[in-house]
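The values are calculated or read from the model by the stated rules, or taken from the named source; none is laboratory data. Not measured: the values here are computed from a predicted model. Reconstructed Cβ throughout: ideal geometry from the backbone, glycine too, with neighbour counts over all protein chains shown. Note: accessible area is taken over every heavy atom of the protein model, side chains too, but ligands, DNA and RNA are not part of it. Shrake-Rupley method; radii C 1.70, N 1.55, O 1.52, S 1.80 Å.
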Amino acid sequence: MKYNPQKIEKKWQKKWTVDKLYEPDFASAKKPFYNLMMFPYPSAEGLHVGNMYAFTGADIYGRAKRMQGHDVFEPIGLDGFGIHSENYAMKIGAHPAAQAKVSEKRFYKQMDSIGNGFAWDEKVETYNPEYYKWTQWLFIQMFKKGLAYRKKAEVNWCTSCLTVLSDEQAEGGKCERCGSAVIKKELEQWFFKITDYAEKLLKNLDALDWSEKVKIAQRNWIGKSEGAEITFKLKDGGELKVFTTRPDTIMGVTFIAVAHGSIYAGKIAVHPVTGAELPVYATDYVVADYGTAAVMGVPAHDERDRAFAEAHGIYVSDAPLLPYDEALKKCGGKKETRFRLRDWLISRQRYWGPPIPMIHCEKCDWQPVPESELPVLLPRVKNFRPEGTGKSPLASVKSFYEATCPQCGGKARRETDVSDTFLDSSWYFLRYPDACTTEVPFSPERIKDWLPVDMYIGGAEHSVLHLLYSRFVTMALHDMGYVDFEEPFTVFRAHGLLIKEGAKMSKSKGNVINPDEYIERYGADTLRTYLMFLAPFSQGGDFRDESVMGIYRFLNRVWVLVLGNLTAGSNGALQKAIHKTIKKVTEDIADLKYNTAISAMMILLRELEAGEPVAEDVKTFLKLLAPFAPHITEELWGMLNGEGSIHKSAWPVWDAKFIEEDEFDLVIQINGKTKRVIKAPKGIDEAEAVRLAAVDGAPKRVIFVHNRLINFII
RNA sequence: GCCCGGGUGGCGAAAUGGUUAUACGCACGCGCCUUAAGAGCGCGCGCCGCAAGGCAUGAGAGUUCGAGUCUCUCCCCGGGCACCA
C-alpha cells in the first residue's frame, strides 16, 4: 500500500472534527493550557503560507503539550472587521459584508486542511454582531471609567484610506495598512487614555516571559524619560517652560528652541542662574506634542543644539556641567517624567467596523448607548466607500444617525465613526473560552480557569500594536474588576519571517506561495514538517521548492518502515538511540527549535531502518513525529493497533539509564591539533588517558579535559 | 544616527558554561535497479593536493594549550525606531 496523503488527511480531519478530539472539557479540565496564536486578517485571496507557518509552529507546541497531559485549548477565528478587509473588498469590487462571508468559508476550509488541532466550537469573527456587541460594550466601559474621551488634536490622516490612524499605525509617516503617506489634520476624535497606564505597561514588562526583541520594542515605544521641567522668565513678562533630561547642562544654555507656531518664537528669555539673555527660536527639530514643545539649547553638550547654534551664529559656550541635584536647585527645576507614548486614537472614518456606541445630544453632551440596546448594528449600505470628508460614510445615512438622547429623550445624533480594528483584537482571547455566550462578553468562570494565556505565538510586527493594546485593555478590565490578572499573555514568542529563495514574498514579485498547491501535491504533513525544518522557528525560513521533496521522502520512509515486517518480541538494541531522540525532541519542542528536532528524528529513522525495531519502538517514534505530521502518524498508529488517537496518547519519557554512555571518543591532540580519536572508558583519569594516547617523548605540558580530550604540548 | 538579529560548503542550515567545525536536508557525481525515464536504494561530496599534509566559520587584531563560540576595531546583509530634548 502506497502512502497517499490526500486520502488519509481528509479522512482524519473529518474524524477529528466529528469526535471533537481537540475540544477541551472546559468544566472538568485538570490542567488547562491555553495555546493561542494570532488570528488572521482574512483580507487576501486566501490563507497565506506565512499564516500557515505561524499556525503550524504554534500547533506543534500545543500538540506536544496535549500529549504531555495538558488540557489544551487551541482556538482560532477571523479578525475580519477593519480597513484591511474593507480595502480588499473595494479592490475586488465587492461589498465588505458579502466578501466577509466568502473569505470566511475559504479561510476556514484552508485552516481545516492544514491539520491543526483547533477547537472549532469556539471560533470568533470580529464582524459578527454577537461579537462586536461586546466590542461596543468594551468602549462604553472605557467611557464610563473615564478612559475614553474626545479631543481636538493634530491627528494622522491616511491620504489613501481616507481616515485617521493611531500613532502606532502611522509609524514612520506611513500608513500601516497601505503604505501611503500620512499627513497631519486637526480633527476632533475619540481617544483611549492608554497613557494612564504608561508606567504599568513599562514596569510589568520586566516580569513577562516574552521574546526580548518585543519587550525592547515596547519599552522604546513607551519611551520613558526622566528629567526636569525648568521655567525660564521672559524679558518682557511671562514665562516659558522646557523639559530636559540633562538639567546638569544648565550653565551651557545659550538659546531656547521652540516648535513652529509657538507663541514664544522671537522673544527673549532670561537664564535662571546667570541672568543672561537667551534668544527664542522656532525650529522644526522641536516636536510639537512632546514635553513642553520647548527645549533649552545647549550647544556645548548636545549635537543637535550645536548644529543649530553654528547654523545661526549663536555663541557656543563650553560651560561646565554641574552636579545633577545642584543644577536643579540653582535653576529651580522640578523633576518630571515624560513618556513618548500618546493616547490611542480610536475613531475611524470608515464603514467596515463596529459603530462607536455613543450619542451626542445638544443638551446632555455625549451619552453612551444604553447597554440593553447593544449592538448598534452596522447598517448594510450600498455606499460604503470612504469619502475623505473627515466623516464616515455612515454620516450620510439618516436612518442611522438619527437618534434620541438616552438621557433626556430629545433629538440627538448618533456617532457615525467606527472603531479601530485593533480594538476588535484587543480582547478576543477573553471571548474564545466561551465564544457562544450571549449574556456576557466573556464567561468569568472560564476566564478564571483558562486565562491568562499560557503560550501566545505570533509575528513581531505586532510588537507595538496588538500586543500593547491588548495589555492596556486587560489592565483596564482588571481595574474595573472584570478580570483578576493584569497581563493577558504569560508567555509570548515571536516567530520569524518566511521568505522565498532569499526574497520577501510579495504579489508584485509573483513569488507568493499558495499552501493549497503543496498540500494537494505532497499533503499537509509534508508541508508542515518542511516549514518547520527550514530554520529555527524564531528566525524564520527560506522556502525552496526543490527541498520539499526531502521531507516527502522522509515521510514515505516512515510509511514503508511501519508497513514492513516489524520484529516480534522485544529488542533492546535500539533503546539508546530512541531515548536520546526522545530527550532531544522533547527539549527542542519546548524551545521551539523544531528544525533540529526533525533532524534528530531523521537520524533515528535511519537507525530503525538499519536495526530490527519492534512495534513499541516504532510507536514511540510515531509519537515524537505526531505533532509535526499529525495525519500520517494517526494512520500508522491505527495500523499498529494503537489505542485511541495518537494525539491523546502519552508523550514518551526518556530514561537516563539508556542514554548514558560507558565509552567516549577520546580526542588526542598535539599542540592543539587533533591527531587521533580513540574509544576510551568514561571517567578515566589523566594518567590513564596519557597511557591510552601512547604519545612518544616528554611533553612540556599536558592538558586533560575530563571525558573529552587530551592535548600534549611538545 | 540609534536599537535588535545575522554573516559557517554550490544552497537551507547544525554546533556557542571554549576543546573532533560543517549534523540533518537539498543540489550534484558515481553505481544498482529499469527497455527507457522517473522514483527508489547504495556510495561519495568544504577547499588545495597523487599523497603526506596544508588551509578554511565576513576582515583584522587580542586572550588562551586550544576560538565559529570570549574581547576590541572594522565591513556587509536583514528587520525595527528615528529630530522625543
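For the stretch A:132-142, check the following and say yes or no: at least one residue is outside any helix (DSSP H, G or I), in contact with a helix residue (DSSP H, G or I) (Cβ under 6 Å, 6 or more places away or on another chain), surrounded by 20 or more Cβ atoms within 10 Å (Cβ to Cβ) and not aromatic (F, W, Y).
Checked against the condition, which is being outside any helix (DSSP H, G or I), in contact with a helix residue (DSSP H, G or I) (Cβ under 6 Å, 6 or more places away or on another chain), surrounded by 20 or more Cβ atoms within 10 Å (Cβ to Cβ) and not aromatic (F, W, Y), the stretch A:132-142 yields no hits at all.
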Quick test of your reading of the structure: A:Y149 fulfils all but one of (1) under 18 Å from A:S426 (Cβ atoms); (2) in contact with a helix residue (DSSP H, G or I) (Cβ under 6 Å, 6 or more places away or on another chain); (3) assigned to a strand (DSSP E or B); (4) not small (G, A, S). Name the failing condition by number.
(2)
Just give me the residues in the stretch A:147-172 being farther than 18 Å from A:L468 by Cβ and either open to solvent by less than 40 Å² (accessible area, probe 1.4 Å) or among the hydroxyl-bearing types (S, T, Y) (or both), in sequence order.
A:Y149, A:A153, A:V155, A:W157, A:C158, A:T159, A:S160, A:C161, A:T163, A:V164
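Limited to the stretch A:263-294, what total is found for residues that are in contact (Cβ under 8 Å) with a residue 24 or more places away in the chain and away from RNA strand B (no atom under 11 Å from the Cβ)?
14
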Restricting attention to the stretch A:90-106, does a residue exist that is touching a residue at least 12 places away in the same chain (Cβ under 8 Å), under 20 Å from A:P630 (Cβ atoms) and open to solvent by 10 Å² or more (accessible area, probe 1.4 Å)?
no
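One residue is enough: does the stretch A:238-252 have a residue meeting the conditions aliphatic (A, V, I, L, M) and within 18 Å of A:V316 (Cα to Cα)?
There is at least one residue in the stretch A:238-252 that is aliphatic (A, V, I, L, M) and within 18 Å of A:V316 (Cα to Cα).
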Helices (runs of 4 or more DSSP H) contained entirely in the stretch A:366-443, each with at least 3 residues that are under 34 Å from the mean Cα position of the chain (by Cα):
A:421-424, A:428-431
Every residue from the stretch A:308-336 that is out of contact with any helix residue (DSSP H, G or I) (no Cβ under 8 Å at 6 or more places or on another chain), outside any helix (DSSP H, G or I) and over 19 Å from A:A257 (Cα atoms)
A:G332, A:E336
Just checking, which of A:E612, A:E607, A:E616, A:E634 is of a type outside the set (F, W, Y), part of a loop (DSSP other than H, G, I, E, B) and more than 29 Å from the chain's Cα centre (by Cα)?
A:E612
Can you tell which of A:K448, A:K509, A:K504 is more than 16 Å from RNA strand B (Cβ to nearest atom), open to solvent by 50 Å² or more (accessible area, probe 1.4 Å), of a type outside the set (F, W, Y) and out of contact with any His (no Cβ under 9 Å at 6 or more places or on another chain)?
A:K448
Tally up the residues in the stretch A:48-69 that are assigned to a loop (DSSP other than H, G, I, E, B) and either farther than 20 Å from A:Y594 by Cβ or in contact with a strand residue (DSSP E or B) (Cβ under 8 Å, 6 or more places away or on another chain) (or both), please.
1
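Among what's in the stretch A:638-674 and is open to solvent by 60 Å² or more (accessible area, probe 1.4 Å) and within 30 Å of A:I703 (Cβ to Cβ), pick the residue that is nearest to the chain's Cα centre (by Cα). Quick ask: steps written out before the conclusion?
Filtering the stretch A:638-674 for residues open to solvent by 60 Å² or more (accessible area, probe 1.4 Å) gives A:639, A:641, A:643-644, A:648, A:650, A:653-654, A:657-658, A:660-663, A:665, A:671, A:673-674.
Imposing the further condition that a residue be within 30 Å of A:I703 (Cβ to Cβ) reduces the set to A:660-663, A:665, A:671, A:673-674.
Details: A:E660: 40, A:E661: 42, A:D662: 46, A:E663: 46, A:D665: 44, A:N671: 50, A:K673: 47, A:T674: 47 Å.
Selected residue: A:E660.
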If we keep just the residues of the stretch A:538-579 that are among the hydroxyl-bearing types (S, T, Y) and surrounded by fewer than 16 Cβ atoms within 10 Å (Cβ to Cβ), which is farthest from RNA strand B (Cβ to nearest atom)?
A:S570
Those residues of the stretch A:523-537 which are near RNA strand B (Cβ under 9 Å from one of its atoms), open to solvent by less than 20 Å² (accessible area, probe 1.4 Å) and in a helix (DSSP H, G or I), in sequence order:
A:Y530
Can you pull out the residues in the stretch A:239-267 that are open to solvent by 60 Å² or more (accessible area, probe 1.4 Å) and within 18 Å of A:P299 (Cα to Cα)?
A:T245, A:R246
Qualifying residue in the stretch A:586-594 (condition: in contact (Cβ under 8 Å) with a residue 24 or more places away in the chain and near RNA strand B (Cβ under 8 Å from one of its atoms))
yes
Scan of the stretch A:72-121 for residues that are closer than 22 Å to A:P515 by Cβ and assigned to a strand (DSSP E or B), ordered by number
A:G77, A:L78
Which of the numbered conditions does A:S599 fail, given that it passes all the others? Conditions: (1) within 11 Å of RNA strand B (Cβ to nearest atom); (2) in contact with a Phe, Trp or Tyr (Cβ under 9 Å, 6 or more places away or on another chain); (3) open to solvent by less than 30 Å² (accessible area, probe 1.4 Å); (4) not aromatic (F, W, Y).
(3)
What do you reckon, is A:H48 open to solvent by 20 Å² or more (accessible area, probe 1.4 Å) and modelled with pLDDT of 95 or more?
no
Would you check which residues across the stretch A:166-180 are touching a Lys or Arg at 6+ places or on another chain (Cβ under 8 Å) and outside any loop (DSSP other than H, G, I, E, B) and list them?
A:D167, A:Q169
In the stretch A:403-448, the residues that are acidic (D, E) and modelled with pLDDT under 95
A:D417, A:D420, A:D434, A:E439, A:E445
Determine, yes or no, whether A:V286 is of a type in the set (A, V, I, L, M, F, W, C), crowded, with 21+ Cβ neighbours inside 10 Å, at negative phi and in a loop (DSSP other than H, G, I, E, B).
yes
Scan (1) surrounded by 21 or more Cβ atoms within 10 Å (Cβ to Cβ); (2) within 11 Å of RNA strand B (Cβ to nearest atom); (3) farther than 25 Å from A:K184 by Cα; (4) modelled with pLDDT of 90 or more for the single condition A:E229 breaks and write down its number.
(1)
Where A:K215 falls short, out of the listed (1) open to solvent by 40 Å² or more (accessible area, probe 1.4 Å); (2) within 11 Å of RNA strand B (Cβ to nearest atom)
(1)
Screening A:I670, A:I646, A:I710, A:I714 for residues that are within 15 Å of RNA strand B (Cβ to nearest atom) and touching a helix residue (DSSP H, G or I) at 6+ places or on another chain (Cβ under 8 Å) leaves only A:I710
Consider the stretch A:12-39. How many of its residues are in a loop (DSSP other than H, G, I, E, B), surrounded by fewer than 23 Cβ atoms within 10 Å (Cβ to Cβ) and either of a type in the set (D, E, K, R) or in contact with a Leu (Cβ under 9 Å, 6 or more places away or on another chain) (or both)?
5
Pick from the stretch A:451-496 the residues that are open to solvent by 10 Å² or more (accessible area, probe 1.4 Å) and of a type in the set (F, W, Y): which of them is nearest to A:F55 (Cα to Cα)?
A:F485
